[in-house]
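The values are calculated or read from the model by the stated rules, or taken from the named source; none is laboratory data. Fair warning: this is a prediction, and the values are worked out from it, not measured in the lab. With ideal geometry, Cβ positions are generated from the backbone for all residues, glycine too; neighbour counts draw on all protein chains shown.
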Amino acid sequence: MMSRSLLPATLTGLAALALGAAPAAAADAVARLHDPEGRNVGQVALTETPHGVLLHLHLRDLPSGAHAFHVHAVGRCIPPFTSAGGHFDPTDTGHGLMDDDGMHAGDMPNLHVPADGALQQEVLNTALALDDALFDDDGAAIVIHEGPDDYVTNPAGAAGPRIACGVITR
C-alpha cells in the first residue's frame with residue numbers, strides 16, 4: 001500500500017507522463033519565463049482543477065538534460081533569480097518528493113529537456129492551489145534550475161543555479 005505522503009508526488013509524476021492527452025483548458029494564471037540575459041524561454045500556464053493545479057509548459061532554448069522545476073515563494077525574477085526566494089511552502093513541510101515529512105507545495109518532478117531545447121509538457125501539482133497564499137503581497141514565481149533536484153536535499157542547492165524564472169500572474 002502506498003503511503004499517503006507519497007500520493008501527491010505519485011499523482012504529479014503520473015500527470016507528467018500524460019503528455020498531450022487532452023486540449024488545455026483556459027489558463028487561470030501564467031508565468032512567462034526568461035533566462036538571466038532576459039531572453040524569453042517560454043511560458044507556464046496554470047489551470048485550477050478539482051485535484052490541484054495543472055501546469056502547461058511550453059519551453060524553448062533551454063539546455064538539454066534534467067532540470068529542477070519549482071514554484072518559488074516570491075514573485076520577483078531579478079537575475080540570478082535568487083530574488084524568487086525559496087520554494088513555495090505555505091504549510092511548512094519537508095522538502096522533496098522523497099521526504100517522509102511531506103514536500104513543499106512548490107516541489108515538482110524534474111524536467112527532461114531534449115537536445116533541441118524545446119519541451120511541451122503537462123504536470124499536475126496536487127499540493128498547489130491558485131489561492132491567496134500563492135497570490136499574497138509578494139507573489140510567487142516558476143523557477144527552472146541548471147541541474148536536477150535530488151528530491152531530498154533542502155534547500156535544493158544540489159540543483160545548481162537558476163536558469164529561468166517567471167512571475168506567476170492572473
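What to note about this one:
- Taking the numbered list (1) in a loop (DSSP other than H, G, I, E, B); (2) modelled with pLDDT under 95; (3) surrounded by fewer than 17 Cβ atoms within 10 Å (Cβ to Cβ) in turn, residue 138 passes all entries but (2).
- Condition check for residue 45: surrounded by fewer than 22 Cβ atoms within 10 Å (Cβ to Cβ), among the small types (Gly, Ala, Ser) and not in a loop (DSSP other than H, G, I, E, B): yes
- Screening the candidates 55, 97 for the property of being in contact with an Asp or Glu (Cβ under 9 Å, 6 or more places away or on another chain), assigned to a loop (DSSP other than H, G, I, E, B) and aliphatic (A, V, I, L, M) yields one hit, 97.
- Residue 132 farther than 16 Å from residue 72 by Cα, assigned to a loop (DSSP other than H, G, I, E, B) and at pLDDT 95 or above: no
- Residue among 70, 104 that alone is assigned to a loop (DSSP other than H, G, I, E, B), crowded, with 22+ Cβ neighbours inside 10 Å and not aliphatic (A, V, I, L, M): 104
- Among the residues making up segment 125-142, those that are in contact with a His (Cβ under 9 Å, 6 or more places away or on another chain) and over 20 Å from residue 164 (Cα atoms) are 126, 127.
- Any chance residue 164 is within 19 Å of residue 44 (Cα to Cα), in a strand (DSSP E or B), out of contact with any helix residue (DSSP H, G or I) (no Cβ under 7 Å at 6 or more places or on another chain) and at pLDDT 95 or above: yes
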